[in-house]
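Structure, as structure tokens:
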Amino acid sequence: MSYTKLLFWFFICSTLKIHSQVLSCSEIGGVYKSYESFTKHNLDDSICLDIKKNKIITKFYKLIVKEGDHRRSYKNMNLWGYREGNDLYRFFDDHSFFGDFFYIKVLDYNGLILYSKEEADNTKISGAKVNFFYSLDLKSPIKKLNIKNLTNDFSNTQFIEEISNLNELYAKNNNGIFKINILYLKYYAYP
């Protein structure tokens, strides 16, 4: 076989391998450096997720995009958030003295933006508890989901009264819709 034919077959096989890897990617992950990137559905750095080789790793002070043996590192403060498959995470800095900052999972954005963060809890058998947060939109400050914060943000007393009657502010109805957002849309949706 001539050198030209060998080179041709090498090129074809390499192209087919790359093409098959792209087609076999079932979940995409990546980072959004800004809110604008998120709104345009434009991941600033993306990978095909694979538990062993390709993944996103969050650390206390940085986020790492691991792709095979290559790692790209981002300081947390320089990112709006990241995506793992269908799950979206937004960076959260509570601006406290101790500087708690981490990524929280976006649960719902049909009404109030609802978030959750699983944290270690030595008082439970499972060893984890879930904290819930909210924001008015995907750019506004994130706050702990509680009646006090909601009362400070909303002046409609009927809305506050109805959400106060919920057993849990993060409860869902039988269709899997957050009850607080049903009430939010009832009082604050535009006609």
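Every read-out reported here was derived from the displayed coordinates using simple, explicitly stated rules and does not represent laboratory data. Worth saying up front: this structure is predicted, and the values here are computed from it rather than measured. FYI the Cβ positions are ideal-geometry reconstructions off the backbone, even for glycines, and counts take in every protein chain you see.
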Legend entry - Net length gained if the chain between Gln158 and Phe102 were fully extended (0.36 nm per residue, minus Cα distance): 16.8 nm
Inset, instruction - Mind giving me the FRET efficiency for Ile64 and Lys148? R0 is 30 Å, r the Cβ-Cβ distance, nearest 0.05 is fine. - result: 0.25
Legend entry - Asp50-Asn110 pseudo-label distance in nm [points 7 Å out on the Cα-to-Cβ vector]: 3.6 nm
